[in-house]
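These notes concern the structure reproduced below.
The values are calculated or read from the model by the stated rules, or taken from the named source; none is laboratory data. Values in this document were obtained by computation on a predicted structure and should not be read as measured data. Glycine gets a Cβ as well: all are built from the backbone with ideal geometry, and neighbour counts include every protein chain shown. What goes into the accessible areas is simple: the full protein's heavy atoms, side chains included, and nothing from ligands, DNA or RNA. Shrake-Rupley method; radii C 1.70, N 1.55, O 1.52, S 1.80 Å.
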Amino acid sequence: MKSRTAIALFAALAFAASSFAADGTAVWNNHCSSCHGADGKGDTKMGKKLKIKDLTDAAYQASFTDEAAFNAVKIGVKTEAGKTVMKAIEEVTDEEINAVVVYLRTLKK
Ligand code: HEC
């Protein structure tokens, strides 16, 4: 394949990939499940250490808005005393955060 054709093909593929919606499940598994658990229960080593609340619990899910969940990922979570308990997840785009918030809502039992 001539290199110019290869570049054009690469550009077309990159465009196609970026026009798909972000995959919330993948974002969860890659960036959140190590603490919150794949199922959202927080039943992980880190989860226990950090006393993570159970995201499958409907009452807990109702206690924060989608915007608060977005901000938890974007800017992190602090206790009232100002101690950081969840650091901002910097590797994800805003689109991926929106997708993972949608996914997080599906963990509710
Ligand atoms: C280093 C461990 C860790 C990682 C990684 C992590 N979290 Fe958290 N998260 C916490 C802790 C600790 C809390 C605060 C305790 C709690 O409310 O359960 C928290 C709280 C939250 C809250 C509740 C915010 C509120 O207002 O009550 C949401 C929503 C959340 N995390 C979503 C996510 C998402 C989505 C990801 C992945 C993009 C993620 N977390 C990654 C540790 C983590």
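Can we say Glu91 is open to solvent by 60 Å² or more (accessible area, probe 1.4 Å), assigned to a loop (DSSP other than H, G, I, E, B), in contact with a helix residue (DSSP H, G or I) (Cβ under 9 Å, 6 or more places away or on another chain) and of a type in the set (Asp, Glu)?
In short, yes.
When both residues are 6+ apart or on different chains and their Cβ atoms are under 6 Å apart, which pairs have a first residue that lies in region 19-41 and is within 14 Å of Ala99 (Cα to Cα) and in contact (Cβ under 8 Å) with a residue 40 or more places away in the chain, and a second that is among the acidic types (Asp, Glu) and in a loop (DSSP other than H, G, I, E, B)?
Qualifying pairs under 6 Å: none.
Name the single residue that is surrounded by the fewest Cβ atoms within 10 Å (Cβ to Cβ) among those in region 41-69 being more than 9 Å from the ligand (Cβ to nearest atom) and part of a loop (DSSP other than H, G, I, E, B).
Restricting to residues being more than 9 Å from the ligand (Cβ to nearest atom) and part of a loop (DSSP other than H, G, I, E, B), the top hit is Asp43.
For region 25-39, enumerate the residues that are surrounded by 14 or more Cβ atoms within 10 Å (Cβ to Cβ) and within 9 Å of the ligand (Cβ to nearest atom).
Once the filter is applied, which keeps residues that are surrounded by 14 or more Cβ atoms within 10 Å (Cβ to Cβ) and within 9 Å of the ligand (Cβ to nearest atom), region 25-39 yields Val27, Trp28, Asn30, His31, Cys32, Ser33, Cys35, His36.
Could you list, in sequence order, all residues of region 70-83 that are in a loop (DSSP other than H, G, I, E, B) and either in contact (Cβ under 8 Å) with a residue 60 or more places away in the chain or open to solvent by 90 Å² or more (accessible area, probe 1.4 Å) (or both)?
Glu80, Ala81, Lys83
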